[in-house]
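**Q** Would you mind keeping the following structure in view while I ask a few things?
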Amino acid sequence: MSHVVAKVEARVADIELARPEKRNALNAQMYADLAGALAAAESDPQVRAILLHGSADCFTSGNDVADFLKRGSAPSPAIRLFEVLPNLAKPVVAAVGGPAVGIGSTMLLHCDLVYAAPNARFQLPFVPLGIVPEFGSTYLLPLLAGYQRAAELLLLGQPFDARSAHEAGMVSRVVEKEELLQKAREAALALAALPPESIRLTKQLMKKRHGAALADTIVEETRLFTERLGSPEAKEAMSAFLEKRKPDFSRF
């Protein structure tokens, strides 16, 4: 059974991350299914907008670490998502409640509207895990938040709340948890009712000047991320995570 559920209603493609028993942690199959659902929505002439969400209590806890470690040096299953999401011509609305960790935060930088509930908890824990950020976040977050605020979020890698995400430019609006999906769906329906070519061109104009730099950054981040997975620091950090202990970087 797929843990990415997609349906089309009223010209909106509703894409749900649905693996609650693992806090919507993304494994290789989910990456493939998510990229496939987004690509299908982009090519479907009946779709005018895309709504991406988990549950009101969990967007995604990020990578499934056990699945992640099993892959070893194999190419990242996220690469297809990296290719699809930034290049969608149709508008993407995201609804975030609960954890949005790692890729759960970086993918939001490529959405057009992001609504978050007060219970949302964001985190970019790449440096504490001995790796580097991904999905163009080292380029986009300083643009949105300014260098110092981006540095605090990316270098320290600590959790932050919906208000901080809004202040950093990652979130369009903070709404009550009970209204989260409704508000996000209303925004997607509003976008779906607008002239589609005007939306496509406006989105293109906003993104085109950063397109090449963003693509280059994603390639470089992915290369360094993959290299870092085999580093002693990353192995210690990942082992500590799975063993539920504090990592020891004193010997590095």
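The values are calculated or read from the model by the stated rules, or taken from the named source; none is laboratory data. Every value quoted in this text rests on a predicted model; they were computed, and no experiment measured them. For neighbour counting, all protein chains shown are included, and Cβ atoms are generated from backbone atoms with ideal geometry for every residue, glycine included.
**Q** So in region 108-147, with the set limited to residues that are crowded, with 20+ Cβ neighbours inside 10 Å and aromatic (Phe, Trp, Tyr), which one is nearest to Glu176 (Cα to Cα)?
**A** Tyr115
**Q** Within region 187-205, how many residues are under 21 Å from the mean Cα position of the chain (by Cα) and surrounded by fewer than 18 Cβ atoms within 10 Å (Cβ to Cβ)?
**A** Count: 2.
**Q** Condition check: among the aromatic types (Phe, Trp, Tyr) and closer than 25 Å to Ala215 by Cβ. Does Tyr115 satisfy that?
**A** So Tyr115 does not fit the description; no.
**Q** Please find, within region 9-18, the residue that is surrounded by the most Cβ atoms within 10 Å (Cβ to Cβ) out of those that are in contact (Cβ under 8 Å) with a residue 40 or more places away in the chain and farther than 20 Å from Leu81 by Cα.
**A** Only one residue fits best here, namely Arg11.
**Q** When the residues of region 206-233 are narrowed to those that are of a type outside the set (S, T, N, Q) and more than 22 Å from the chain's Cα centre (by Cα), which ends up surrounded by the most Cβ atoms within 10 Å (Cβ to Cβ)?
**A** Going through the qualifying residues, I end up with Glu233.
**Q** Would you check if there is a residue in region 163-175 being surrounded by fewer than 15 Cβ atoms within 10 Å (Cβ to Cβ), more than 15 Å from the chain's Cα centre (by Cα) and farther than 26 Å from Arg48 by Cα?
**A** There is at least one residue in region 163-175 that is surrounded by fewer than 15 Cβ atoms within 10 Å (Cβ to Cβ), more than 15 Å from the chain's Cα centre (by Cα) and farther than 26 Å from Arg48 by Cα.
**Q** State all residues of region 16-47 that are among the charged types (D, E, K, R) and either in a strand (DSSP E or B) or more than 13 Å from Asp67 (Cβ to Cβ) (or both); if no residue qualifies, say none.
**A** Within region 16-47, Glu16, Glu21, Arg23, Asp33, Glu42, Asp44 meet the criteria.
**Q** Considering every residue within region 102-109, establish whether at least one is in contact with a Gly (Cβ under 8 Å, 6 or more places away or on another chain), in a strand (DSSP E or B) and over 25 Å from Ala192 (Cα atoms).
**A** Within region 102-109, none of the residues are in contact with a Gly (Cβ under 8 Å, 6 or more places away or on another chain), in a strand (DSSP E or B) and over 25 Å from Ala192 (Cα atoms).
**Q** Looking at region 19-34, is at least one residue surrounded by fewer than 20 Cβ atoms within 10 Å (Cβ to Cβ) and under 21 Å from Glu178 (Cα atoms)?
**A** yes
**Q** Working carefully through the options Gly54, Gly62, find the one that is within 21 Å of Ala190 (Cα to Cα), in contact (Cβ under 8 Å) with a residue 12 or more places away in the chain and not charged (D, E, K, R).
**A** Just one listed residue meets the conditions, Gly54.
**Q** Given the conditions (1) within 19 Å of Pro20 (Cα to Cα); (2) modelled with pLDDT under 95; (3) not basic (Lys, Arg), and given that Val101 satisfies all but one, which numbered condition is not satisfied?
**A** (2)
**Q** Before we move on, is Ala13 assigned to a strand (DSSP E or B), in contact with a helix residue (DSSP H, G or I) (Cβ under 9 Å, 6 or more places away or on another chain) and closer than 26 Å to Gly157 by Cβ?
**A** Considered against the rule, which asks whether it is assigned to a strand (DSSP E or B), in contact with a helix residue (DSSP H, G or I) (Cβ under 9 Å, 6 or more places away or on another chain) and closer than 26 Å to Gly157 by Cβ, Ala13 comes out as no.
**Q** Given the residues Ser105, Ser76, which is the only one that is in contact (Cβ under 8 Å) with a residue 60 or more places away in the chain and crowded, with 24+ Cβ neighbours inside 10 Å?
**A** So the residue among Ser105, Ser76 that is in contact (Cβ under 8 Å) with a residue 60 or more places away in the chain and crowded, with 24+ Cβ neighbours inside 10 Å is Ser105.
**Q** Let me ask something else. Report, ordered by the first and then the second residue, all pairs with beta carbons closer than 8 Å, sequence separation of six or more or different chains, a first member in region 206-219 that is at negative phi, and a second member that is aromatic (Phe, Trp, Tyr) and surrounded by 12 or more Cβ atoms within 10 Å (Cβ to Cβ).
**A** The qualifying pairs are His210/Tyr139; Ala213/Tyr139; Leu214/Tyr139; Thr217/Tyr139; Ile218/Phe82; Ile218/Phe135.
**Q** Then there is this: Please count how many residues of region 160-184 are in contact with a strand residue (DSSP E or B) (Cβ under 6 Å, 6 or more places away or on another chain) and either hydroxyl-bearing (Ser, Thr, Tyr) or in contact (Cβ under 8 Å) with a residue 40 or more places away in the chain (or both).
**A** Count: 12.
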